[in-house]
Every structure is written in C-alpha cells, then in structure tokens.
Amino acid sequence: MSNILQNMTIHYFSNPQFRPGLAYGVDQRNILGGQRFIDAKQTIEQWQGYSPSPLVELPHLARELGIKNILYKDESRRFGLSSFKALGGAYAVFRLLLRKIQYDYPQDDVSLQDLLSGKYREVTEKITVTCATDGNHGRSVAWGARTFGCKCVIYIHSTVSQGRADAIAKYGADVIRTQGNYDDSVRQADHDAKQLGRFVVSDTSYEGYMDVPKDVMQGYAVMADEVLQKIPSQQKISHVFLQGGVGGLAAAVTAQLWEQLGDQKPIFIVVEPDQAACLFESAKAGQPVAVEGELNTIMAGLACGEVSLLAWSILKDAVSHFLTIDDQSAVEVMKILATGQYGDQNIVAGESAVAGLAGCIGAATHPDLKKALQLDEKSCVLVIGSEGATDPELYQQIIGKTAEQIWSAA
Ligand SMILES: Cc1ncc(COP(=O)(O)O)c(C=O)c1O
C-alpha cells in the first residue's frame with residue numbers, strides 16, 4: 001500500500017439513497033441535459049477563445065496508488081479566468097439577457113452575435129446582474145456582464161482574499177464586501193436585488209429560485225462532454241471523484257456522464273472539506289441540511305454550508321459515497337501536482353481544484369474504502385482540476401513558485 005498522504009484525515013459515508021440502476025429520466029432531464037444542454041454547448045463553443053480544456057493523464061501517480069490511470073481535467077486556463085466557473089456564470093448572464101431582449105422584442109430571433117455586437121444595448125445596459133461569490137463564480141458573472149453588455153454588482157464575504165476581489169473588479173463589476181460567511185452573502189445579494197431591481201445570477205438554487213442555476217450548471221456540463229469527446233471509446237472511466245461546494249459542479253458532471261453513458265456510467269464519489277461538508281451531512285440526514293459556522297477551509301470555492309437543491313436532486317440518487325478531507329491534504333496534493341512528484345506532468349492546481357484528487361488518493365490508500373469503492377488495478381479515475389492559481393499570491397505562498405514558473409517547467 002502506498003504511503004502518499006499518510007497523515008490524511010478522511011471520513012466516508014456510503015449513501016443509502018444511492019440507486020445504481022436508476023435510468024436518466026424526465027426528473028433529471030428537467031434539471032440538466034437534453035436540448036438545453038445542446039444549446040449551452042453550441043453557444044459556449046462559439047465564444048471567443050473557446051477550446052476544450054486539457055485532459056491530462058497521471059499514470060505514475062495512478063501506479064503508485066495501485067490503479068490503472070487517472071485523468072485530470074485541467075481547468076486552470078479556461079477562457080483566461082483560471083477556473084471551470086467561466087462556463088457557468090457567464091452562460092447564465094447570456095441566457096438572462098436573451099430572455100429580457102426577447103421579452104421586449106418578441107418578433108426578433110436574437111443571436112449570440114447580436115449580443116456581442118451590442119445590437120440590443122438599449123435593453124442590456126439597463127440591466128444589473130448580481131450574485132454572491134467566494135471568487136470564481138463572481139469573476140465569471142462579471143466577465144459575462146462585460147462581454148454581453150450589462151452592469152454587475154458582486155458580493156464577497158469576510159474571508160474572500162483581496163486578490164480574488166481585485167480579479168472580479170478587473171471586469172468592471174462593483175464589488176461589495178459583507179459580514180459573515182458565504183451563505184450570509186447569498187442572502188444579502190438576494191435582499192439587495194429585490195430592493196434595487198437587480199437580477200440575481202446565482203450558482204446555487206433554493207426554494208423559488210431554480211431557473212438561472214440550471215443555466216449555470218448546463219454550462220459546467222460542457223466539461224464532462226469534452227471528456228467524453230476526448231477519450232477513446234474503448235477507455236472506460238470507472239470512477240469520478242468530484243469536489244463539492246453547493247454541489248453544482250458535481251451534479252453537472254454526474255448528470256452529463258449519466259445521461260450519455262447510461263448503465264455504463266462510472267461510480268460517482270463526492271469530496272468536501274471537513275469544515276464545510278454540507279453534502280456529506282445532507283447524505284447522512286437523508287435530506288438537505290445546512291452546516292453552520294465559519295466554514296473555515298483553505299478550499300475557498302468549497303466553503304459552502306447549504307446545498308443547491310437542484311444539485312441535490314441529481315446527487316442523492318447518483319452518488320455512491322460522500323467523503324470529507326482535511327485542508328493539509330489539499331495542500332499536499334497541490335504540491336504533488338505542481339512538482340510532478342511521481343513523474344507526471346507539472347500541473348497548476350488551486351486549493352479547491354485538488355479535493356477530488358485528494359479524495360481519490362485517500363480512498364486508494366485506505367484498505368476498507370478502497371474495497372468499498374472497488375478501486376483496483378483496472379480502475380480509471382476521472383477528476384476535475386476545477387481551478388488554477390485563482391489567488392496568485394496564496395498559490396505562490398503554498399508552492400513557492402508562480403503558475404507561470406510551473407507552466408514553463410512543464
Ligand atoms: C474552483 C472551484 N471548484 C469547485 C467548486 C465547487 O462548485 P459547486 O459550488 O458548484 O459545488 C467551486 C465553487 O465555487 C470552485 O470555485
């Protein structure tokens with residue numbers, strides 16, 4: 001047994017609601033997939049600078065863990081925003097503006113090009129989109145607002161770093177810092193939007209707010225589609241370890257693979273920081289429950305205490321196990337990737353990017369869990385490296401090098 005991450009603290013819970021034989025049906029397609037996914041994919045593929053993100057193999061690390069292969073979907077350079085979130089928030093802004101223009105001009109067949117060229121500027125410039133964020137989603141919404149021509153106000157909570165705030169402001173958004181944690185900032189953004197006539201573009205869904213987060217997740221699902229386009233048909237992904245904040249990323253990737261692969265779908269495992277494990281706790285409770293408190297984790301993108309209800313509807317049936325990991329293990333995995341420690345390619349991965357891979361390492365080095373998850377020498381694991389150095393200062397502090405230095409050594 002390998003001794004990687006010997007000091008890792010990992011907890012796991014086998015999901016009693018897991019329904020392995022369930023077909024991807026109407027309930028799931030009402031949330032994700034179907035024609036609305038095809039629309040999202042076709043739109044995003046036309047955006048300037050689009051190309052599928054790399055799918056990097058980590059065969060040496062896999063061998064160390066006694067599994068066949070690890071596929072790492074590297075989102076560190078997506079649209080120059082450094083995270084997968086570029087796919088979701090910006091697409092939801094596009095869809096929201098499209099709906100507003102179509103309302104004013106019901107006869108017109110409005111296109112992406114119309115929005116990009118500013119043809120309906122007199123409609124879009126009166127619209128303000130808003131959201132709460134721990135960094136990456138707000139950056140995407142701000143970028144979308146600038147690209148498609150509307151105004152933008154972004155809320156960040158008390159522990160979001162100044163580097164992340166600056167990265168959002170760079171796209172012309174007003175950035176407001178609030179008291180409390182992420183969930184408090186969600187409520188503040190929602191409250192102010194109601195008072196001031198702004199449109200919330202949130203990455204999390206809650207009672208009475210379901211449409212926009214579906215668009216956000218349809219955008220994320222493009223990642224899973226890219227993976228399936230890339231891998232040879234005979235290569236079968238056996239496991240996917242997905243990090244969870246509110247669950248949107250995990251649900252989008254799960255749904256897309258489930259819809260496309262049917263009963264050949266892999267085993268899905270969700271991984272969260274032990275300090276912000278709302279999906280894990282919900283699985284234990286058998287229904288969505290909130291985790292209170294500071295949610296103090298270095299994995300800033302995963303510091304969420306309340307699940308997205310839409311994401312939960314997908315995950316509760318599809319996920320076999322929920323795991324939690326500690327912060328120090330995430331840091332170790334960032335270092336393993338940055339240095340290409342076992343002979344694999346050097347990869348720039350931010351704190352939230354590595355939780356899935358850390359969960360995979362933890363599971364493969366834990367005899368009971370390895371057995372429970374049927375991880376063996378035939379397993380091919382997919383993980384989503386969901387961000388690069390989105391907080392460059394913190395990245396350099398942890399790794400001792402900048403993202404550019406890592407890339408130039410790769
Ligand atoms: C880099 C990164 N990875 C993963 C996630 C988790 O996504 P979700 O909140 O949809 O579960 C986030 C969320 O902000 C993120 O920024």
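Some values worked out for this structure:
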read-out: Distance between the range 246-271 and the range 288-333 - C-alpha centres, whole angstrom; value: 16 Å
read-out: Cross-link reach list, lysines versus Lys378, counting only Cα pairs under 28 Å and skipping chain neighbours closer than eight places; value: Lys68, Lys73, Lys230, Lys236, Lys265, Lys316, Lys335, Lys370
read-out: Restricting the range 193-248 to trypsin sites (Lys or Arg not before Pro) in coil, as DSSP defines it, with at most 11 other Cβ within 10 Å; value: none
read-out: Largest to smallest accessible area among Arg77, Arg95 [probe 1.4 Å]; value: Arg77, Arg95
read-out: Solvent-accessible surface ranking, highest first, for Glu393, Glu351 at 1.4 angstrom; value: Glu393, Glu351
read-out: Test item: Cα-centred dipole of the chain, Lys/Arg +1 and Asp/Glu -1 on Cβ, debye; value: 660 debye
read-out: Where trypsin sites (Lys or Arg not before Pro) fall in DSSP loop in the range 327-410, at most 15 other Cβ within 10 Å; value: Lys378
read-out: Estimated FRET transfer efficiency (Gln113, Asn296; beta-carbon r; R0 60 Å; 0.05); value: 0.85
read-out: Magnitude of the charge dipole, the range 1-128, Cβ model with Lys/Arg +1 and Asp/Glu -1, debye to 20; value: 260 debye
read-out: Sequence-distant lysines (8 or more away, or on other chains) whose Cα lies within less than 27 Å of Lys151; value: Lys41, Lys85, Lys100, Lys119, Lys126, Lys170, Lys194, Lys214
read-out: Alpha-carbon centroid distance for the pair the range 45-63 / the range 347-368, whole angstrom; value: 18 Å
read-out: The range 1-96, relative contact order [Cα under 8 Å, separation at least 6], %; value: 20 percent
read-out: Fluctuation leader among Ala189, Ala355, Ala142 - the chain, Gaussian network, Cα springs under 10 angstrom; value: Ala189
read-out: Mean Cα-pair separation over length for the range 227-273, i.e. relative contact order, pairs under 8 Å, 6 or more apart, %; value: 49 percent
read-out: Simple Cβ-charge dipole of the range 89-202, Lys/Arg +1 and Asp/Glu -1, about Cα centre, in debye nearest 20; value: 120 debye
read-out: Theoretical FRET efficiency, 1/(1+(r/R0)^6), r = Cβ-Cβ of Val289 and Ala372, R0 22 Å, to 0.05; value: 0.40
read-out: At most 12 other Cβ within 10 Å, DSSP loop - trypsin sites (Lys or Arg not before Pro), the range 1-50; value: none
read-out: Gln17 versus His60: modelled label distance in nm, points set 7 Å from Cα along the beta carbon direction; value: 4.2 nm
read-out: Farthest toward positive dipole pole in the chain [+1 Lys/Arg, -1 Asp/Glu at C-beta], among Trp47, Ala318, Ala165; value: Trp47
read-out: Relative contact order %, the chain, counting alpha carbon pairs below 8 Å whose residues are six or more apart; value: 24 percent
read-out: In Å², nearest 10: area of Asp134 left accessible to a 1.4 Å probe; value: 20 Å²
read-out: Ranked order, Asp326, Asp27, Asp166 - accessible area, probe 1.4 Å, largest first; value: Asp27, Asp166, Asp326
read-out: From phi via Karplus (6.51, -1.76, 1.60), per-residue ³J(HN,Hα) for the range 3-19 in Hz, x at Gly/Pro; value: 10, 5, 6, 4, 8, 5, 9, 10, 10, 9, 9, 7, 6, x, 8, 4, 10
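The values are calculated or read from the model by the stated rules, or taken from the named source; none is laboratory data. Source: prediction; values computed, not measured. Positions of Cβ are generated from backbone atoms using ideal geometry, with glycine treated the same way; all protein chains shown enter the neighbour counts. Quick note on the areas: whole protein, heavy atoms, side chains included, nothing else; ligands and nucleic acids left out. Shrake-Rupley method; radii C 1.70, N 1.55, O 1.52, S 1.80 Å.
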